[in-house]
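Input: a single structure, listed below in structure tokens.
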Amino acid sequence: MNKLANRSVFRKLIKLIDGNIGRNLRKANNQYKYSKCYTGRDHILAMLFLQISGCDGLRDIDSKYRNVSKISREFNMPSYTQISRLNKNKSSDLFRNIFEDLLAKAEKEIKSSVKIKEFKDIKIIDSSVVSIGKGLAPKLYLQDEKSAIRISTLLSYGTKLPEKIKIVPAKLGERNCIDGYVNSKNSIYLFDKGYYKYSWYDEMSDANYKFITRQQNNAVTEEYLSTYTGVDNLYDYLVTMGSDYSKNKTKYKYREILYFTEDSDEEFRLVTNIFDMPAEDIVSLYKKRWNIELFFKWIKQHLTIKKWVGRTLNAIAIQIYCALIIYILILLIKYRFKSNLSTFDILRKFKTNILERYALRNVLLM
């Protein structure tokens, strides 16, 4: 008889990363060497359970989850105080490594199970700032009596997987968080104007990296050529940006594409170093950048990253990595069982049945 048949949905879900957890715990065994009550596995499973179960508040840990027989059969649930202490003292590197190993597994499985040929090489760069009360995390102070962290992300449009993640204090600017993000000549990178830096555009062009971004509202440009697009309210120019006076002029020429939205007649200007694609397609591609906003919205709305179990950057990073692990597990379930359900509906079904003894496939049918 299958040993997992009589175990909870949570245990069956975690089985997907059991080897990953065990391997990384062995690498980090000294971290938990002197922990008297709770093992590294207890710590990991507790943090993942708080994410998948939809913990409504810190006190839920003590009032709803401790000493529950269905939970204690799976792992020892620490108290809120104990989890907070573990998150403060145990390195987030362990959780990051588990996330990265799962990501590598998911990339192989999802890419092979879904037809993403048309958009497999579209990568989106952006970051999201999550606020924390200044009094809760004074070392992460940003401004206006609040502290905050920044989640810098490289998202694959095709797989919807966050291929790279950096969790840093929000006072570190967007451009300072993306080293190593742009590294494929076969990809097209989309990012907003917050990443504007003309010298970086030239560096990417030198390396043959393709990008599409928003133009700065006050950008100084010199026009060399105007190309007829054949489309109303769509204009295609060849320009340099910056000026000799300010010593920030681009050494290469770029395409500046101007278009107006149909509903509000709002003006948008895009910049790209892609010259072999119609202007209309450039606009269409850039609009896919919105998918990273949807990713951040999904993580914030449906997982626990606003009610912090710990107030240091390390503790917050642990919580975010656990949220991302659950996100990837939900995606894996969706593609492994070829489900037509949205990721939100899958998550909702798992939250509702997380301690029941159902097969994973059957949860999707409920």
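Laboratory data are not the source of any read-out in this text; all were calculated from the coordinates shown. Bear in mind the structure is a predicted one, so any value in this text is a computation, not a measurement. As a convention, Cβ positions derive from the backbone with ideal geometry for all residues, glycine included, and neighbour counts pool all protein chains shown.
Observations, loosely collected:
- Over the chain: helical MRE at 222 nm, DSSP H runs n ≥ 4 each giving -39500 (n - 2.57), nearest 500: -11000 deg cm²/dmol
- For Q216, net neighbour charge (Lys/Arg +1, Asp/Glu -1) across residues whose Cβ lies under 9 Å away: +3
- Summed side-chain charge close to S226 - residues other than S226 whose Cβ falls under 15 Å, Lys, Arg +1, Asp, Glu -1: -1
- Volume per residue for the stretch 114-293 equals 155 cubic angstrom (convex hull of Cα atoms).
- Projected-area average for the chain over all orientations - Cα convex hull basis, square nanometres: 21.9
- Highest to lowest packing among 175-184, 209-218, scored as the average C-beta count within 10 Å: 209-218, 175-184
- Centroid-to-centroid separation of the stretch 328-366 and the stretch 19-66 [C-alpha atoms, Å]: 22
- Across the cross-link table entries K108/K338; K166/K307; K166/K351, which are compared at the Cα atoms, the separations over 18 Å belong to K166/K307; K166/K351.
- Cα-based Rg of the stretch 134-226 normalised by 2.2 N^0.38 Å, two decimals: 1.33
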